[in-house]
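The values are calculated or read from the model by the stated rules, or taken from the named source; none is laboratory data. Nothing here was measured: the structure is a model prediction, and the numbers come from that model. Here Cβ is always computed from backbone atoms with ideal geometry, including for glycine, and neighbour counts include all displayed protein chains.
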Amino acid sequence: MTDAFQHQHAAHCETGVMSAILRHHGLAVSEPMAFGLASGLAFAYLPMVKINGLPLIAYRIPPRMIIRLLSRRINGLSMAFRKFRNPDEGMRALDRLLDDGQVVGLQTSVFFLPYFPQDMRFHFNAHNLLVYGRFGTEYGISDPVFSHLVSTDAESLQKARFAKGALAPKGMMYYPVSVPAEIDFQRLIPKAIKLTIKVSSRRSPMPIAGVNGIRRVARRIEKLADAESRYANLFLGHIVRMQEEIGTGGGGFRFMYAAFLQEAAEIMASDLLAEAADKMSEIGDEWRLFALMCARMSKQRHGDTFASIAQQMNKVAQMESDLYDLLSVYR
Amino acid sequence: MEGETKVIYARSDSGRIETAQTSGWDVEETVLEQAIDEIHRQAKEAHTRAVTGKTSPLEFHMYNQRMDLAMLAQAVGRFQWLVKRDFDPARFARLSPARLERYADVMGLQPDILQTLPDRYD
């Protein structure tokens with residue numbers, strides 16, 4: 001089993017891991033398809049949760065949800081999840097699965113993984129990777145956000161699996177117990193799209209999610225004009241990092257979702273979904289422009305102002321709102 | 001980024017949205033640099049205060065290991081004000097080995113390194 005394992009480079013860790021696990025067990029599911037079927041796309045603004053003093057901003061559903069939703073939705077897919085109180089026991093359980101030839105998914109911290117470039121090593125505890133084998137004291141790792149296979153020593157891996165703090169992984173490992181031969185796309189795709197619209201459209205009851213959340217951040221950006229300039233720049237930089245840098249496939253997952261819609265349009269033979277894919281890709285372009293304006297602002301170049309950046313964000317919100325309205329008639 | 005590339009989804013010439021390899025664009029570089037600079041600034045400021053005895057090496061190492069007070073407190077499972085109290089150099093010098101090890105462990109350091117301060121930091 002293990003020698004047949006094929007590493008594939010992906011944009012995002014969680015979708016990449018799920019896509020790789022399913023593919024390894026003979027079920028062809030691309031990364032965008034895994035993302036779309038899990039209703040992964042979202043927007044959330046949580047001003048009360050602070051990361052380094054800055055509010056939490058996310059372009060997708062919370063960590064772990066993609067894996068959980070996929071295993072719940074796909075008929076016949078059953079995943080085993082295990083957490084450990086004792087780190088040594090957690091490592092032994094991993095070793096046993098590897099010796100049986102299982103490919104195992106792990107939740108880890110990024111900070112303790114030596115193969116990450118120094119500049120990328122932050123205390124983010126909800127990273128996902130696959131372990132495909134054990135070679136002496138080294139573990140062979142297929143980390144979906146790397147273009148190549150990597151490896152790490154047992155001590156670092158244990159530290160990464162049992163890092164403390166927010167979203168502590170507690171040694172979480174997961175692997176499929178049974179994988180179906182095929183997926184009922186005709187049933188799942190409409191269902192998955194429906195949930196995404198429910199969460200993100202202007203009719204969503206949550207003021208901090210989806211279109212409403214984007215508009216709320218836009219209002220916050222307008223007010224940054226009165227804030228200390230260092231904080232204002234950090235705030236904008238923080239949004240852009242969440243959007244572009246943290247393995248989103250660009251444009252805060254919007255391009256990945258466009259790829260899902262495109263694939264779904266072909267499977268369902270739907271012109272509506274094809275049109276939605278084009279629109280979503282245009283929305284991704286507008287998010288990229290927003291990121292560019294923020295970066296220019298922090299370098300004090302060009303004529304960008306907080307008002308113009310907020311205006312750009314409102315434009316994106318309107319485009320997303322229109323797209324969700326368009327998709328809401330899809331059944 | 002030490003030669004690593006990442007995947008993005010982008011529209012190809014044929015109009016299809018496909019994966020592409022990239023080493024990142026300058027916007028990412030700008031914001032990452034900004035985030036790292038901010039950490040350096042905090043660590044340097046804590047270092048200056050630690051040298052003059054106004055804070056303990058704990059605060060410097062906290063920033064240097066890319067944490068902040070909220071993160072460190074959550075990682076060791078104590079209230080922020082209790083962790084902050086250990087920024088007092090006199091108090092920090094008296095910490096029990098167990099407490100020191102707990103701090104060192106969540107930061108990925110050795111306890112003896114946690115107690116020392118590099119001569120220079122920039």
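Which residues, counting only those in region A:30-53, are more than 28 Å from A:G213 (Cα to Cα) and surrounded by 24 or more Cβ atoms within 10 Å (Cβ to Cβ)?
Within region A:30-53, none qualify.
Looking only at region A:75-96, residues that are within 15 Å of A:Y139 (Cβ to Cβ) and buried (at least 18 other Cβ atoms within 10 Å of the Cβ) come to 3 in all. From the list A:F122, A:F146, the lone residue that is at pLDDT below 95, within 14 Å of another protein chain (Cβ to nearest Cβ), over 18 Å from A:G249 (Cα atoms) and within 17 Å of the chain's Cα centre (by Cα) is A:F122.
Taking the options A:L70, A:L97, A:L41, name whichever one is in contact with a helix residue (DSSP H, G or I) (Cβ under 9 Å, 6 or more places away or on another chain) and over 30 Å from A:I221 (Cα atoms).
The match here is A:L70.
Does A:L261 qualify as being crowded, with 23+ Cβ neighbours inside 10 Å and either over 30 Å from A:F116 (Cα atoms) or without any contact (Cβ under 8 Å) to a residue 24 or more places away in the chain (or both)? Quick ask: steps written out before the conclusion?
Details: crowded, with 23+ Cβ neighbours inside 10 Å: yes; either over 30 Å from A:F116 (Cα atoms) or without any contact (Cβ under 8 Å) to a residue 24 or more places away in the chain (or both): yes.
In short, yes.
Of the helices (runs of 4 or more DSSP H) lying entirely inside region B:1-94, those containing at least 2 residues that are of a type in the set (S, T, Y) span B:26-51. Selection of first residues in region A:10-32 that are farther than 19 Å from A:L261 by Cα and touching a residue at least 60 places away in the same chain (Cβ under 8 Å) and of second residues that are buried (at least 24 other Cβ atoms within 10 Å of the Cβ) and of a type in the set (S, T, Y), restricted to Cβ pairs under 6 Å at least 6 apart or on distinct chains, gives an empty result. Taking the criterion of being away from chain B (no Cβ under 11 Å), under 16 Å from A:N233 (Cα atoms) and surrounded by fewer than 17 Cβ atoms within 10 Å (Cβ to Cβ), the residues of region A:288-313 that qualify are A:Q300, A:H302, A:G303, A:T305, A:A307, A:S308.
Take residues that are among the β-branched types (V, I, T) and within 11 Å of another protein chain (Cβ to nearest Cβ) and tell me which of the helices (runs of 4 or more DSSP H) falling wholly in region A:207-287 contain 1 or more.
In region A:207-287, the matching helices (runs of 4 or more DSSP H) lie at A:229-240.
Check region A:112-122 and report whether any residue there is touching a Phe, Trp or Tyr at 6+ places or on another chain (Cβ under 8 Å), hydroxyl-bearing (S, T, Y) and either closer than 26 Å to A:L41 by Cβ or crowded, with 20+ Cβ neighbours inside 10 Å (or both). No - not one qualifying residue is present in region A:112-122.
Yes/no per residue for (1) facing chain A (nearest Cβ under 8 Å); (2) touching a residue at least 12 places away in the same chain (Cβ under 8 Å); (3) under 21 Å from A:A166 (Cα atoms); (4) among the basic types (K, R):
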| site | (1), (2), (3), (4) |
| --- | --- |
| B:V27 | yes, no, no, no |
| B:M67 | yes, yes, yes, no |
| B:A90 | no, no, no, no |
| B:R102 | no, yes, yes, yes |
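Is it true that some residue in region B:105-118 is in a helix (DSSP H, G or I), of a type in the set (G, A, S), buried (at least 16 other Cβ atoms within 10 Å of the Cβ) and within 14 Å of another protein chain (Cβ to nearest Cβ)? There is no residue in region B:105-118 that is in a helix (DSSP H, G or I), of a type in the set (G, A, S), buried (at least 16 other Cβ atoms within 10 Å of the Cβ) and within 14 Å of another protein chain (Cβ to nearest Cβ).
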